[in-house]
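My questions will all concern the structure given below.
The values are calculated or read from the model by the stated rules, or taken from the named source; none is laboratory data. From a predicted model like this one, the values you see are computed outputs, not experimental measurements. Cβ sites come from the backbone with ideal geometry, for glycine too, and all protein chains shown count toward neighbours. Heavy atoms of the whole protein, side chains included, go into the accessibility calculation; ligands, DNA and RNA do not. Shrake-Rupley method; radii C 1.70, N 1.55, O 1.52, S 1.80 Å.
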Amino acid sequence: AWCLSEDALTAWSRQQWGHRLETLYLAQKQGLDLVSCSLLRVKSQHMAFELSLRLKSNEASFDQLSWMYGEGPERNQGGRFVRQRMANLPIALQPLLRKLKPGEVLKPHRLGDWFLIMSLEELLPAQYDSTTQDYLLRNELTIWLDAVSSHLLSQLQLVSS
């Protein structure tokens, strides 16, 4: 039953916003790129530089260092982000990732209270294919559902007052 309702929602979304897909794609293209990277965050600048040196000398892997020293929630997955949409990553990381070449390790960077080390594994430019179109349609559906929910909530609050 869930598959049928998912298919029905996709079909309804395509009916509502299908005519805008190319425009949505072009407007959001950079955020639709897929990226795989590793991230290691620590609070200490000295620790960040030490870990960076260990990585560059191949003394340890990102996974090992993330599990042992990482202080951000990404340590639970060995610091790895696999084929994430660029727009789904923190906005401050996006320009840093775009500067890197695959395999390159970014020297420690300060970001707020954190010092982070990143490595880009792959950057796949967005393609206007059925997967991306479905992703765009789901986003439009989510935006619409949020707007409808907010409107209904405000109407319920008016009735209860």
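With L34, L24 as the choices, which residue is among the aliphatic types (A, V, I, L, M) and either open to solvent by less than 20 Å² (accessible area, probe 1.4 Å) or at pLDDT below 95 (or both)?
After ruling out the rest, the residue left standing is L24.
Taking A126 and the conditions (1) crowded, with 17+ Cβ neighbours inside 10 Å; (2) assigned to a loop (DSSP other than H, G, I, E, B); (3) without any contact (Cβ under 8 Å) to a residue 40 or more places away in the chain, which numbered condition does it fall short on, given that it satisfies the others?
Of the numbered conditions (1) crowded, with 17+ Cβ neighbours inside 10 Å; (2) assigned to a loop (DSSP other than H, G, I, E, B); (3) without any contact (Cβ under 8 Å) to a residue 40 or more places away in the chain, the odd one out for A126 is (3).
The rows are residues; the columns are (1) modelled with pLDDT of 95 or more; (2) loosely packed, with under 15 Cβ neighbours inside 10 Å; (3) not aromatic (F, W, Y).
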{"site": "A1", "(1), (2), (3)": "no, yes, yes"}
{"site": "S5", "(1), (2), (3)": "no, yes, yes"}
{"site": "S13", "(1), (2), (3)": "no, no, yes"}
{"site": "R20", "(1), (2), (3)": "yes, yes, yes"}
{"site": "A48", "(1), (2), (3)": "yes, no, yes"}
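Restricting attention to the range 60-73, does a residue exist that is in contact (Cβ under 8 Å) with a residue 12 or more places away in the chain and within 18 Å of the chain's Cα centre (by Cα)?
The answer is yes; a qualifying residue exists.
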